[in-house]
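Note sheet for the following structure.
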Amino acid sequence: MSAAPTDRAATFEAPDDFEAINRIYRERRWSDGLPIVPPTAARVERMLRETRRSRDEVIASVAPGFGAATVERIAINAVLAGCDPEYLPVLIAATEAVADPAFNLQGIQATTNPVAVWLVLNGPLAQRLQVNATFNCIGQGAWANATLGRAMRLILQNVGGALPGEMDRATHGQPGKYSFCCAENEEAHPWQPLHVERGFAAADSTVTVVGAEGTMNMNTHAKTADELARVIAETMVHPPSNEYVHGGEPWFILGTEHAEIFHREGWDKARVKRELWARSKMAVRHLSINEIERARASRTTELGPLADDTLLPISPRPEDIQLIVAGGPGTHSVYVPCFGNSRAVTRRIDG
């Protein structure tokens, strides 16, 4: 007997055969296109033992189909993705986070934009679960990263109803829609880690959800803080950008070598954000005509009348730029442009 990952029948009879069960999941569009782990009653029960919450408790209503994300349905999708049972509390917290109105899940799930949900873990649990924060942290190879990110996508699809070509209207999508998850490298961090900056205690374990458009590698051998800030800021400037149109929340994964350059010259995180915000302003005339009209509709209250030479900041405030430190050694950092009409949300991970 297997469990259904959606609002449909809770259980159904299926052949005790891996290929047959996967065929059923393909036909019913309950998978992400990759083979699934059959969510047998025994596997789901093992998953549920990792939380104190009732299996019927509704954690969130998941847009755009507004399916009820019960603890049990989250557990079923975690099994499908191959998660270890102890990962369940992370997914419960992440599901609660994506449903926060500030995250704008309705827009993220139904847009033509390629936006994916990126999970960032902080705190002791990230280390205990061995969520990769170093070499290849947003790539392949770490079981926790891969299955947590995949489970989040399956929840968004199966409970939220965002099937590609139906309510998920992404023109192209992106590989991050399969799995996008990492931890912050707090041991190599020269500043406050993300969760502390966002008001949590250092001993708390948290998950942050981010509406990420994609990733852009920045390979620079700049050796001063000023030069490094300049080349990063120039990377941010691109006219076909939701963030300039709406005032976004750009994210950066700073490599440890780049973070150390800023730290060595006495730049704290607030200064890095101020410098990037000021140096990445873009003249309105670089937008297309239609985007200028969209920007006027979205940002006139914030910025006043927009003339051709008005400088658009990428975000309303410098504080809206977000930085984490992760990855292995090397002269690389990653720019993560975001959806624009979304703000990251952080939740503490409880049992």
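The values are calculated or read from the model by the stated rules, or taken from the named source; none is laboratory data. Bear in mind that the values here come from a model prediction, so they are computed numbers and not experimental data. Cβ sites come from the backbone with ideal geometry, for glycine too, and all protein chains shown count toward neighbours.
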Exercise for the section: Could you tell me whether Gly139 is at positive phi and modelled with pLDDT of 95 or more? Expected result: no
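In segment 1-95, which helices (runs of 4 or more DSSP H) lie fully inside it and hold 1 or more residues that are more than 25 Å from Val120 (Cα to Cα)?
Values: elements: 18-27, 41-48, 71-81.
It comes to 18-27, 41-48.
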Practice task
Would you mind stating whether Ser333 is outside any helix (DSSP H, G or I), within 30 Å of Gln140 (Cα to Cα), touching a helix residue (DSSP H, G or I) at 6+ places or on another chain (Cβ under 7 Å) and not aromatic (Phe, Trp, Tyr)?
Solution key: yes
Practice task
Output yes when any residue across segment 81-98 is buried (at least 22 other Cβ atoms within 10 Å of the Cβ), free of Cβ contacts under 8 Å to residues at least 40 places away in the same chain and more than 16 Å from the chain's Cα centre (by Cα), and no when none is.
Solution key: no
Handout entry: Set Gly107, Gly173, Gly123: member being at positive phi, surrounded by fewer than 22 Cβ atoms within 10 Å (Cβ to Cβ) and at pLDDT 95 or above
Key = Gly173
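Have a look at Ala68, Ala75 and point out the one that is of a type in the set (A, V, I, L, M) and out of contact with any helix residue (DSSP H, G or I) (no Cβ under 9 Å at 6 or more places or on another chain). Walk me through how you get there before you give the answer.
Details: Ala75 fails: out of contact with any helix residue (DSSP H, G or I) (no Cβ under 9 Å at 6 or more places or on another chain).
Every option except Ala68 fails the conditions.
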Exercise for the section: Among the residues of segment 147-203, write down those that are among the charged types (D, E, K, R), touching a Pro at 6+ places or on another chain (Cβ under 9 Å) and over 19 Å from Val79 (Cα atoms). Expected result: Asp168, Glu184, Glu186
Handout entry: Evaluation of Ala102 against (1) among the small types (Gly, Ala, Ser); (2) in a helix (DSSP H, G or I); (3) buried (at least 22 other Cβ atoms within 10 Å of the Cβ) (one fails), failing number
Key = (3)
Completion exercise
In segment 281-318, anything closer than 28 Å to Ala270 by Cβ, in a loop (DSSP other than H, G, I, E, B) and either hydroxyl-bearing (Ser, Thr, Tyr) or touching a strand residue (DSSP E or B) at 6+ places or on another chain (Cβ under 8 Å) (or both) is listed as Lys281, Leu306, Thr310, Ile314, Ser315
Fill in the blank from the handout: Residue hits (segment 82-127; hydroxyl-bearing (Ser, Thr, Tyr) and either within 22 Å of Pro193 (Cβ to Cβ) or touching a Cys at 6+ places or on another chain (Cβ under 8 Å) (or both)) are Tyr87
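Which residues, taken from segment 270-280, are of a type in the set (A, V, I, L, M, F, W, C) and surrounded by 21 or more Cβ atoms within 10 Å (Cβ to Cβ)? Talk me through it step by step, then tell me what you get.
To start, the set of residues in segment 270-280 that are of a type in the set (A, V, I, L, M, F, W, C) comprises 270, 272, 276-278.
Correct list: Val272, Leu276, Trp277.
Just to be sure, is Leu156 modelled with pLDDT of 95 or more, more than 29 Å from Ala278 (Cβ to Cβ) and outside any loop (DSSP other than H, G, I, E, B)?
Values: modelled with pLDDT of 95 or more: yes; more than 29 Å from Ala278 (Cβ to Cβ): yes; outside any loop (DSSP other than H, G, I, E, B): yes.
Here the answer is yes, as Leu156 does meet what is asked.
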Problem - Pick from segment 245-269, criterion closer than 30 Å to Asn113 by Cα and out of contact with any Leu (no Cβ under 9 Å at 6 or more places or on another chain), ranking: surrounded by the fewest Cβ atoms within 10 Å (Cβ to Cβ) - result: His246
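Can you tell me which residue among Val237, Val209 is in contact (Cβ under 8 Å) with a residue 24 or more places away in the chain and surrounded by 22 or more Cβ atoms within 10 Å (Cβ to Cβ)?
Numbers: Val237 fails: surrounded by 22 or more Cβ atoms within 10 Å (Cβ to Cβ).
None of the other options fit; the residue is Val209.
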Problem - Filter pass, Glu197 being in contact (Cβ under 8 Å) with a residue 12 or more places away in the chain, crowded, with 17+ Cβ neighbours inside 10 Å and of a type in the set (D, E, K, R) - result: yes
Handout entry: Count of residues meeting criterion [charged (D, E, K, R), part of a loop (DSSP other than H, G, I, E, B) and either within 19 Å of the chain's Cα centre (by Cα) or at pLDDT below 95 (or both)] in segment 176-222
Key = 3
Practice task
Kindly provide the set of residues from segment 24-66 that are among the charged types (D, E, K, R), in contact (Cβ under 8 Å) with a residue 40 or more places away in the chain and closer than 15 Å to Asn77 by Cα, ordered by number.
Solution key: Arg29, Asp32, Glu50
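Which residue, of Val62, Val44, is surrounded by 15 or more Cβ atoms within 10 Å (Cβ to Cβ), within 18 Å of Gly149 (Cβ to Cβ), of a type in the set (A, V, I, L, M, F, W, C) and modelled with pLDDT of 95 or more? Before the answer, list the steps.
On the way: Val44 fails: within 18 Å of Gly149 (Cβ to Cβ).
Criteria check complete, one pass: Val62.
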